[in-house]
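Read the structure below first, then the notes.
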Amino acid sequence: MIFYDYFDCTISIHPNSSKFLPPKKRIKRGKELERQNNSSPVLSFCFRKTGSEWGPQSQPAVNPSPGITCDRSHKSYDFCTIDGPTVLDPATSTFHATGPSAVHRIKPYPRKAEAHTMKRIRELTLQSGPTSPQCQIQHGGLPAVVFSAGGYTGNFFHDFSEGFIPLFVTVNALFPSDRDIVLVVSEAGDWWIRKYADLLRSFTKHPIVVIGNGTAAAETHCFGSATVGLIYHGMATVNPNLMPGGQNLTQFRLLLQETYGGGGRTGIQNWAESGRRRPRLVLVARPMGIGRGLLNEQEVRAAAEKVGFEVVRFLPRGNTTLREAFAVMDSADAMVGVHGAAMTHLLFLRPGAAFLQVVPLGTEWAAEVCYGGPAKAMGLEYVEYRITVAESSLAAKFDPESLVLKDPPAYRGKDWSKMWVYLREQNVRIDLVRFREYLETVYEKAEKFMRKNG
């Protein structure tokens, strides 16, 4: 285990903010709202009605005999709480509490329906009994928010979809006013800590506690309480109906703005003052050799410029910082790219900008769920370009009557491994005549956005 020191960072904390409902009451209130919204389990509300206002419920004195409560009813995630003091023993990945003897186990990653994925997630133990290990590192009685950075972590989309967006949901749902928390992260590699250091600082001003990255440590840590697992609304989704303040994906984008944009615009401030007369289109490129490459990228760029765009090519690499990526996207009036993890950069676009996603054969469902839906939820002007068989390199590999070409859903069935042919073996050569109509539509949206927002 590694104890990451982030005391050099700053975060806005309200010194007079209230405490909140203990975990058991949060769960009870969450289920009430779940029934009201006819939705999946919430576990995410900590408010009571006072007159005509929603107000935070004061937390009673710390329970000397905390209870461990787990809700396993959600199809995507489990969620456990320790309602009182707890001691983490990193050597055994166990949270100890004093109270009636009980043992619960949880893998705090929101893909629990996928057995092959969950095999790679470290299991944590929550155990109560008459005694607990001695505490060696104090955290001032602060609550711990515990989750895993295993699973699909390392894929840019999943880093946000199963990581930072659910973290945003959980923190805002359970600690809407007082975010004085400690993050305890299982299986977080050093690269993950470095890459997302600024974003982690936006959630907590305290050191990050990391479990299970291959580094042994004997020190135990103690917290005032713990929530284990993240509340998950769906792929890259913040459901405002399940949030106490009605937050949505736009508020998550504001967090990214505060984190990477210094609280203000990083791009051109005013199109008229700058002399800029053409809307800016960011063309997100993909390396060749990994699938879904754009074979006629230069011709597509020329077509976009002919329509009237100022085109900026952006190829994200391993050493591209998120601050650099945010600056590129924040200055854009539109973005275009072939379906893939790099489309996650849509989160960096300003609401109202245009987003044109090129959708290869067999990726229609994923394109909509992963990027189309979130784009619309964030207020982007979303346009989808679904390629024809003639525009796919698979046309040269398979018989025209093959299910691979004629009916991808039927070919794939429930065997996701068959997606490999569409994700890794397919490249795209866009029909420039057909594509021009889409470019013109996006240009109109982007120009209007540019003139209104600069």
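The values are calculated or read from the model by the stated rules, or taken from the named source; none is laboratory data. For clarity, every value in this text was computed on a predicted model and none was experimentally measured. We place every Cβ from the backbone using ideal geometry, glycine too, and count neighbours over all the protein chains shown.
Suppose we keep only residues that are modelled with pLDDT of 95 or more and not basic (K, R) within the stretch 410-421. Which one would you say is surrounded by the fewest Cβ atoms within 10 Å (Cβ to Cβ)?
Here the answer is A410.
Would you please list the contacts, defined by Cβ atoms under 7 Å and residues six or more apart or on different chains, that run from a residue in the stretch 235-259 that is on the phi > 0 side of the Ramachandran plot to a residue that is crowded, with 16+ Cβ neighbours inside 10 Å and modelled with pLDDT of 95 or more?
A236/F160; A236/S161; A236/I165; A236/C370; A236/P374
Conditions first: (1) over 29 Å from D330 (Cβ atoms); (2) modelled with pLDDT under 95. D407 passes all but one, so which condition is the exception?
For D407, the failing item is (2).
One line per residue, one yes/no per condition, for (1) surrounded by 13 or more Cβ atoms within 10 Å (Cβ to Cβ); (2) part of a loop (DSSP other than H, G, I, E, B); (3) at pLDDT below 95; (4) among the polar types (S, T, N, Q):
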position	(1), (2), (3), (4)
S39	yes, yes, yes, yes
S58	no, yes, yes, yes
P66	yes, yes, yes, no
C70	yes, no, no, no
S76	yes, yes, no, yes
V103	no, no, no, no
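Can you pull out the residues in the stretch 271-286 that are at pLDDT below 95 and of a type outside the set (G, A, S)?
W271, E273, R276, R277
When you go through (1) of a type in the set (A, V, I, L, M, F, W, C); (2) crowded, with 21+ Cβ neighbours inside 10 Å; (3) under 25 Å from P85 (Cα atoms) one by one for A236, which number turns out not to apply?
So the condition that A236 fails would be (3).
Can you find a residue in the stretch 95-112 that is of a type in the set (G, A, S) and under 18 Å from the mean Cα position of the chain (by Cα)?
Within the stretch 95-112 (the criterion being of a type in the set (G, A, S) and under 18 Å from the mean Cα position of the chain (by Cα)), the answer is no, since none of the residues qualifies.
For every residue, the table says whether it meets (1) in the same structural domain as L294 (by TED's automatic domain parsing); (2) in a helix (DSSP H, G or I); (3) in contact (Cβ under 8 Å) with a residue 12 or more places away in the chain.
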{"position": "E401", "(1), (2), (3)": "yes, no, no"}
{"position": "L405", "(1), (2), (3)": "yes, yes, yes"}
{"position": "Q426", "(1), (2), (3)": "yes, no, yes"}
{"position": "V442", "(1), (2), (3)": "yes, yes, yes"}
